[in-house]
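Visitor: I have a structure here, written as structure tokens, and I will follow up with some questions on it.
We did not get these values from a lab; they are worked out from the coordinates using the rules stated. The structure displayed is predicted, hence computed values, not measured ones. Ideal geometry is used to build each Cβ from the backbone, glycine not excepted, and the neighbour counts take in all protein chains shown.
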Amino acid sequence: MTSTTHTRVRVRAVYPGSFDPFTPGHANVVNRARGLFDEVVVLVAVNGTKHPTISEEERAAAVRAILPVEWTSVTVVAWSGLTSAYCRSHDVGVIVRGVRNTTDLQAECQLAAMNQSLGVPTVFLPARPELAAVSSTAVRALGPLPPSTRP
């Protein structure tokens, strides 16, 4: 009889977004991704189609300030290139994306297909129903959310 030893491969994930601002839904996706992957990198990205109110470095600092310090498997990085390029150069195996509705899903599937063709698969995490209506656009329009909605 032969004994087989299985070695678990550590998987790093990246959660990219403009995060302008970082919402309770974003925090929920990060928290759930922490349970699925060994390390999660919140990638505060530059998106040419969006015009954020503050720089990616300032947004990254804001995300760091919101996330609980005990989430030691989560790091926050500002990045101005392609997400797939970050993944290849930093040994990240998967992209995590949150989806709130079918419109999000359609757009995300197109991005996922492109990233897959570049060698990086995507995992979708559906929004919790009570957070599905919260978007960065809505938060910017309404102002900061109360502390009870934070992680």
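Visitor: Could you rank the peptides 29-42, 82-95 by their average count of other C-beta atoms within 10 Å per residue, with the highest value first?
Guide: Details: 29-42: 19.9, 82-95: 17.0.
Packing order, densest peptide first, comes out as 29-42, 82-95.
Visitor: Here is a follow-up. Working out 0.36 nm times the residue gap between His51 and Thr5, then minus their Cα-Cα distance, what length gain in nm do you get to one decimal?
Guide: Numbers: separation 46, 0.36 × 46 = 16.56 nm, distance 5.08 nm.
Taking His51 through Thr5 to full extension adds about 11.5 nm, to one decimal.
Visitor: Shifting gears a bit: Once amide H atoms are placed 1.01 Å from N in the peptide plane, what residues at a sequence separation of 5 or more from Val96, or on another chain, have their amide H within under 5 Å of its amide H?
Guide: Amide H neighbours of Val96, under 5 Å, 5+ apart: Val14, Tyr15, Val123.
Visitor: Let's see if you can work this out: charge +1 on each Lys and Arg Cβ, -1 on each Asp and Glu Cβ, no other charges. What is the dipole magnitude of the stretch 4-44 about its Cα centre, in debye to the nearest 20?
Guide: That gives the stretch 4-44 a dipole magnitude of about 200 debye.
Visitor: Suppose every Lys and Arg Cβ carries +1 and every Asp and Glu Cβ carries -1, with no other charges. What dipole size does the stretch 55-131 come out with about its Cα centre, to the nearest 20 debye?
Guide: Dipole size: approximately 140 debye.
Visitor: For Gln106 and Leu118, compute 0.36 nm times the residue count separating them, minus their Cα-Cα distance, and round to one decimal in nm. Can you show the working numbers first?
Guide: Numbers: separation 12, 0.36 × 12 = 4.32 nm, distance 1.90 nm.
Fully extending the segment from Gln106 to Leu118 adds 2.4 nm.
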